[in-house]
Each structure stands twice: as structure tokens, then as C-alpha cells.
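Every number in this text was worked out from the coordinates using simple rules, so none of it is lab data. Bear in mind the structure is a predicted one, so any value in this text is a computation, not a measurement. Cβ atoms come from the backbone with ideal geometry, glycine included; neighbour counts cover every protein chain shown.
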Amino acid sequence: MAAHSKLLQFTPRNSALYTAAGVAAYLLYRRLSTKPVKKTVSDEEEVKVVIAQHGQKKEKAMVNAVFYNQLKKILKVLIPGLFTKETLYLAIVAVSLVARTYADVWMIQNGTSIESAIIGRDSEQFKVLLFKFIYAMPAISVVNNLLKYGLNMLKLRFRMRLSKHMYDKYLKGFTFYKMSNLDNRISNADQLLTQDTEKFCDSVAELYSNLSKPILDVILYTVKLAGAIGIMGPTYMLLYLAASGLVLTRLRRPVGRMTVTEQKLEGEYRYVNSRLITNSEEVAFYQGNLREKFIITGTFNKLIEHLNGFIFFRTQMGFIDNIIAKYVATVVGYLVVSRPFLNLSHPRHKNSTHSELLEDYFKSGRMLVKMAEAIGRIVLAGRELTRLAGFTARVTDLLKVLDDLNSGRYERTMVSSDSGRSSSSNLKNMALMPGSGNVIIQDHVIKFDKVPLVTPNGDVLIEELSFEVRSGQNVLICGPNGCGKSSLFRILGELWPLFGGTMTKPEKGKLFYVPQRPYMAVGTLRDQVIYPDSHAEQLRKGVNDSELADILEK
């Protein structure tokens, strides 16, 4: 028992032993976790076929000038003007933070006075101060809950603004179709539009709160402590804040990149699950349940592998954060607050009694502890800032792609094949540019003049197609699979860009297309019949339900 009790004591020798044991355990864990896992090349390639994004650069997300420029642009969307609800909630949070800081200072002073009254056995003073605290409790509670309300409403307003801005771009024209069929920079738009947007808005609002309160605390406690222990005390603390912030910001750089990768893998995992739901009947006919299980579990394992590494990295950073931002900051605080008390020649306490020394120490000490905590929160807020850089990079990528698609620009990796093509055809394919053809709007005619049928992937199905169909003519287009029948109608419907030639057609509202796959609208049978019009648009056009019933009878 005596030997065990000696080992539990925090002596320099025992601390060194515990540290050495911890380092050895860490190295052993790293060695075991980095063992090579045997897997066949074909299996790995098969999973990549489903979720690969060819030709994309690896995202870099870190706290730098690029990040601040990206964040500035998005903030203009989140807070579009001075006289908006977002500004109101920002003001509510700011006022609540100021009130909470002053409440903290008042509670420190009042609490110290209560303890002084107890030690001095002054019952009358104790009752007065205690009742002051009781009277202040409802006001302090209101301030705390008002802060929570303002913060939650700020998150909600930010999400509403950003989501509306994105959907205005995403559902403009055929952008939603182009993103998944013409452009391959974004493979999981649903993930970006939902989860990433929510996490970005939450992160911005939380960072505003987590930085504003500590910064205000540091300013206020610096002023208070400068009068109590001199200006050098707070100066040393602020110098420590700057030094520790630089060190931790450098160490946290991988967090932004890891956040981008995490959200990307979450999107891929979500995609393979939604893909199975969409194609469940086809998979059931092919009896492909085991194959789909392999694809889904392979994608899930990639996500888990990344999260394991991310969690372990955050654990390491948490260890360093705790030491630098909390414990070393506390040591610096003790050194600062002790200076006027341990220096016997210091003029501040030459004639102070023991009671006055005790009261002054408790008041200054608590303020310094609060200031050290605020400095620690500012340092730790850098961790959230690095994570926010990852979400900002994801949201910025989506906005950039949406702007490009709405401007008629898209990027796609062109996969060329020599099978069935001559060298001249390949040269001609290289010269084709999307959007280089002309579209003429004219009623009662559909005409193609030297229009090539080219897929978004760059495959030339027909080098030049010329024909004319007048209103009233019936035309049947037939041919083997892959010859370009559906591609012709996609170009006619302006889903795919023209790679050359001239296309003459009526405007979009005067052509009706029946897609190959049936689409069931959300809502009632009426919604299915009148789609894409709403019920209000149906009534505006003067169409009632009895007329719809006549259509169904026919």
C-alpha cells in the first residue's frame, strides 16, 4: 500500500515516469494504427468508379488571406444591410455579451465582499450583500437566456439567407441539371446545400459569440487590473495571448483540410445510399444487393478511416490546447498577480492589513483568473476558426460552380476513346467547344443545320446533323442504343450545350417533352396533372378541377 501511495504522489520523478509512459503508449498506438491493410486493387478501383471525381485538385483550407476574402463575400449574403433582422440579432447578442461581462464583474466584487463580511463577522453587511445577490439573480438569468435566444435566431437567419441565395442560383433555369450532368466539380450538391450550409452558419454564429465575449472580457479586465496590480500585469497576459495564438494557429492548419475531406466523404456516403433508393427496382431485378452492400460499406469504411484519424488528431491538439491555453495561462496569471504581494517593497500594500490584503488578492486574483480564461477561449477559438475555414471553402466552391453554370461555363473531364473513331474525327472533337453553336427562336419549325451531337463528356455521336421538321409533321426517330436519339432531344431541350452549327426551334414554353423515366410530383393527383404549375397558377389560368377531370376521362 505504501508503494502504491508513493506512485500516486505528484512528484517530479513520478511526473516524468507518467509522461514517458504516455509517449510510449502513443508511439505504440501509432505503430499499430499504421499497419498496411491488404486489399485487392480491383476492389479499390471498383469503389472509386462510383464516387470518383476526376481531374479535381485537392482542396486547401486554412486561415489566411484567401479564407478572409471568401468569408467576407459570404457575410455580405448573410447580412445584406444595416437595417435587417440579422443586424438586430447581432445587436441583441452584443448587448447580452456586454451585460453578461458586467454581471460577471459585479458578481466577483459582490462575492468578494460577501466573503469579507463573513470573515469579518459583520452580519448586517452580510445580509445586505446577500439580498443584493438574490435581487440580481432574475436579471442575470434574463441576460443569459437572451444571449442564447439571440444566438439561436442568428443561426436560423444566417441559414435562411444563405439557403435562399443558393437555391435562387441552383434552381435558376436548368442549373440543377447542369451541375449533375454537365459539370463534374460538385458530386454531392445535396450535402452542400443542406448539411454544409447549416454547419457553416452555426460555425459563424458560434465564432461571433465565442470571440466577442472573451475579447470584451480581456479589455474590461485589463482596465480593472491595470488599476489594481499595474499595467505590466495585463501586458504580460496579452503578450502570452499573442505568442500562444501564433503557435496554436500553426499547429491547427490540418484541421481545415480535414474538415473539407470529412464533409466530402459524408456527401459521398449519402450519395451511394440515395443512389440505391433511386435505383432499388433495377438493383432488385439484377439481384445486386451484395454488390451494392460492398459499394456502400466501402464508402462508409473510407469515412470511418478518415474520422478515426481526425478524432485522434483533435485529441492530440486538445492535449496541447489544454496545456498552452489553460494551464500555462494559469501559471502566467499566478506569476502576474503575485508580484505586488510577494514584493515587500511594493508601495501598494505597505500599510495594508491582513484583511485588506486578503480582499484585494481575492478580487484581483479572480479577475485575473477570468482574464486568463478569456485568453484561453480566444486561443481555443482559433480551432473553430480553422474548422470554419473548411466549411467556407466548401460553400465558396459551390457558389463558384453555380455562378459558372449560370454564366454558361462548365468544367468536365473529357474522356476520349480511340475505338470506332478515325484520327480526323478525334482532331475534330478536340476543336469542338461547348456553347459555340447558335440558337434561333422561331415558331412552327424545328431545324438542325450542321449541328454535331456531342455528349458533355466530349464523345461525338454524329459529326454533323441537318434536318427540318415543320409544324404538323409526324417524325419517328429510331436507331440502336447509344446512337444519339435521347441526345438529340436533350440538345433540342437546351439541356446540353451546342458544340456547333445552328438550331432553330420554338421557345421553351411552346415545346412539350415526355421524359424517358416517369416523374411523380410531390402532392395530390391534381399536382401530378398540372405539374409544373401550382394550384394557384392553375386557378390564375382559369382552369378548374372539372376540366382536369374531363382530361382524365379522355
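Relative to the current alpha-carbon distance between residue 467 and residue 164, full extension at 0.36 nm per residue lengthens the span by 104.8 nm. Placing a label point 7 Å from the Cα of residue 357 along the Cα-to-Cβ direction, the residues of region 297-340 whose backbone N falls under 14 Å of that point are 338-340. Dipole magnitude for region 184-256: about 360 debye, using +1 per Lys or Arg Cβ and -1 per Asp or Glu Cβ, origin at the Cα centre. Among 522-532, 82-92, sorting by the average number of other beta carbon atoms lying within 10 angstrom of each residue, highest first, gives 82-92, 522-532. Of 132/370; 485/541; 73/302; 326/363; 400/505; 73/169, which pairs sit farther than 27 Å apart, going by alpha carbon to alpha carbon? Flagged as over cut-off: 485/541; 73/302; 400/505.
Pull out a ≥ b ≥ c, the square roots of the eigenvalues of the alpha-carbon gyration tensor of region 205-275, then state rounded if a/c is under 1.5, prolate if not and a/b is larger than b/c, and oblate in the remaining case. Here region 205-275 falls in the oblate category.
Only the Cβ atoms of Lys and Arg (+1) and of Asp and Glu (-1) were treated as charged; on that basis the dipole of region 71-149 about its Cα centre amounts to roughly 520 debye.
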